[in-house]
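The values are calculated or read from the model by the stated rules, or taken from the named source; none is laboratory data. Keep in mind it's a predicted model, so treat the numbers as computed, not measured. Reconstructed Cβ throughout: ideal geometry from the backbone, glycine too, with neighbour counts over all protein chains shown. Side chains are part of the model used for accessible areas, which takes the heavy atoms of the whole protein and leaves out ligands, DNA and RNA. Shrake-Rupley method; radii C 1.70, N 1.55, O 1.52, S 1.80 Å.
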Amino acid sequence: STYQKNGSTFLLEYGSGNVSGFAGKDEVTLGGLSVETLQFGQATMVESGLGFGYYEFKWDGILGFAWPGLAEISSTTWFVELMKENKDVEGKYGFLLPGVDGVNGALDLGWANPDHYTGEFHNISVNLKKWWTTEMDAFYSGGQVYATAQKYTIFDTGTSALVVPYQVQQKLFSDWGAYCMGRICGAKCDSTSIPDEIYFQFAGKNYTIPKADFLNPVVDGFCEVTIMSLGKDLPYPENQIWIMGDVFLRNVYAVFDITNAQVSLAAQKNSN
């Protein structure tokens, strides 16, 4: 076997729960691409708070694609190490969530797949090489601007919702007649106060998120609003963090470009 014991332990804190275990090294292969030796964590404890998705789908694991500055178990990430060991692999990867009818999800390692996008890419510079952190020009809804010049805006494929600062969420929900019960936020599905679309602007370009992506029917006319905050009493800059999770990303084809330190967005291509 190529597996090597390490002996060190780890504890990772996710927004939905903690994971702990011990570290080891081995060859790691994904999509036919291999890193010869990579240190990784082997979980022995997963908190029940990690969420419904874990218990429903029984993930094999979590493979992070952020910058090495965020790595905790290893000093680098699988993809950055892949770039070092395979010089023909470009320093970018494309991410596609099903959004347009006829589109299947995909992770394109080392390239932007032209079968998955149409039109030109719009580039957004990364300003903090830890998460994929950028600056958002503005967020607005129903003709009202709720925020401008937000420099802690993270594109994150591992977050299912949209995350906004607490004060923005409170103002937005007050205008919409929405409310939170613990971690779940919702509103009446037929509320006329909730607009059909919300808008984000990055590097001068507007992106539209339809109501169907942030308002999900649950039961008896009640809809979950998948716009969350990290909490009320957080220090700076945590209290200013925005996360463009899957609610945003399912509306675009996103390329995470390490070489040029940018996130590039294009329209999804219908495969039909």
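To keep it simple, each residue is scored yes or no on (1) of a type in the set (A, V, I, L, M, F, W, C); (2) farther than 16 Å from Gln268 by Cβ.
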| residue | (1), (2) |
| --- | --- |
| Gly61 | no, yes |
| Met83 | yes, yes |
| Trp111 | yes, yes |
| Pro114 | no, no |
| Glu120 | no, no |
| Ile124 | yes, yes |
Can you confirm whether the stretch 187-205 contains a residue that is assigned to a helix (DSSP H, G or I), out of contact with any helix residue (DSSP H, G or I) (no Cβ under 7 Å at 6 or more places or on another chain) and surrounded by 15 or more Cβ atoms within 10 Å (Cβ to Cβ)? no
A careful count of residues in the stretch 11-28 that are closer than 16 Å to Met45 by Cα, at pLDDT 90 or above and aliphatic (A, V, I, L, M) gives 1
Please count how many residues of the stretch 124-156 are closer than 25 Å to Gly31 by Cβ and surrounded by 18 or more Cβ atoms within 10 Å (Cβ to Cβ). 6
I'd like the residue in the stretch 81-95 that is closer than 19 Å to Trp132 by Cβ and assigned to a loop (DSSP other than H, G, I, E, B) and, out of all such residues, is farthest from the chain's Cα centre (by Cα). Val89
Looking only at residues that are under 12 Å from Trp132 (Cβ atoms) and among the β-branched types (Val, Ile, Thr) in the stretch 242-272, which one is surrounded by the fewest Cβ atoms within 10 Å (Cβ to Cβ)? Ile258
Where residues in the stretch 206-241 are small (Gly, Ala, Ser) and in contact with a strand residue (DSSP E or B) (Cβ under 7 Å, 6 or more places away or on another chain), which of them is least open to solvent (accessible area, probe 1.4 Å)? Ser229
Among the candidates Val145, Val164, single out the residue that is touching a helix residue (DSSP H, G or I) at 6+ places or on another chain (Cβ under 9 Å) and at pLDDT 95 or above. Val164
Could you tell me whether any residue of the stretch 50-62 is open to solvent by 30 Å² or more (accessible area, probe 1.4 Å) and modelled with pLDDT of 85 or more? no
